[in-house]
1. Quick one: V10, V190, fewest Cβ neighbours within 10 Å first, how do they rank?
2. Given springs between every Cα pair under 10 Å in a Gaussian network model of the chain, which of F56, F17, F67 has the largest fluctuation?
3. Report the longest stretch of the chain that contains none of the GluC sites (Glu not before Pro) sitting in a DSSP loop with at most 12 other Cβ atoms within 10 Å.
4. Rounded to the nearest 500, what is the 222 nm mean residue ellipticity of the chain from helices alone, with -39500 (n - 2.57) per DSSP H run of 4+ residues and division by all residues?
5. Work out how far the C-alpha atoms of the stretch 8-124 reach from end to end along every principal axis, then list the three figures in whole Å, largest first.
6. Relative to 2.2 N^0.38 Å, what does the C-alpha radius of gyration of the stretch 101-196 come to as a ratio? Two decimals please.
7. So what's the convex hull volume per residue for the Cα atoms of the stretch 63-112, in Å³?
8. Which three extents, in angstrom, do the Cα atoms of the stretch 94-142 have along their principal axes, listed largest first?
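Here, each number is a calculation from the coordinates, and none is a lab measurement. Every value quoted in this text rests on a predicted model; they were computed, and no experiment measured them. Glycine also receives a Cβ, built like all others from the backbone with ideal geometry; neighbour counts cover every protein chain displayed.
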Amino acid sequence: MVLKAVREKVDKTWTLFKKTLVFMSCWGLVFSLVTIGELRVGFDYDDTIVFSTPAFTRAFKSPHQPFSPGFWKVVNTSYDLESRKILPYCMAWSLRILGFRVTLITARPNHGGDALRKEWRYLANDFIFSNGSANKHLHLAKGNYVLYFGDSDSDIVQGRKAGVLSFRIRRSPKSSYKEDYHPGSLREFVIPFTEY
């Protein structure tokens, strides 16, 4: 009886070891192919990977003229007020673990943007300030981007313009930016539960 119990324990351990080895081999294969191909994924920053309304609220309350260099410096250095959106943030890390190079793209200008780049250096290989939403496709077309995630209609259009498979992230209902947002109107796939 003791010998039978030991044998069952060894069999279970051996089976678990084989399953783990198969999983790690599959992960290694995917990681290698993605890394060798230098495949990239892009995420829009504002209202996609973070809820950024508090940073904009602080900037609007500052003495700086709205949308001036000083205003953008306040927005870009107020990342401590922004909250990460759970599902998009986890998706970005999952893709990074699979070997994809993650890029964060924002329509903001770069005034005071070095602090923001530094804050996101562990997740994002690149943090791009496109200085307008109409310029994002130029950056997406340069790399080997296979996926792009954005919240606005213009994000989906920019991703498609660059030839990248684009997905819609839901915007938080608390967002102060209500324009340019019609989920599903462009027949894109809208990822559920991403508004939190």
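1. Values: V10 10, V190 14.
Least crowded to most crowded, the residues run V10, V190.
2. With Cα springs under 10 Å in the chain, the top fluctuation among F56, F17, F67 is at F17.
3. On the way: sites that count: E38, E179.
Longest run free of exposed loop sites: 39-178.
4. Result for the chain, helices only: -14000 deg cm²/dmol.
5. 71, 32, 18
6. Values: Rg = 13.3 Å, N = 96, 2.2 N^0.38 = 12.5 Å.
Cα-based Rg divided by the globular estimate yields 1.07.
7. Here the figure is 94 Å³ per residue.
8. 30, 26, 14
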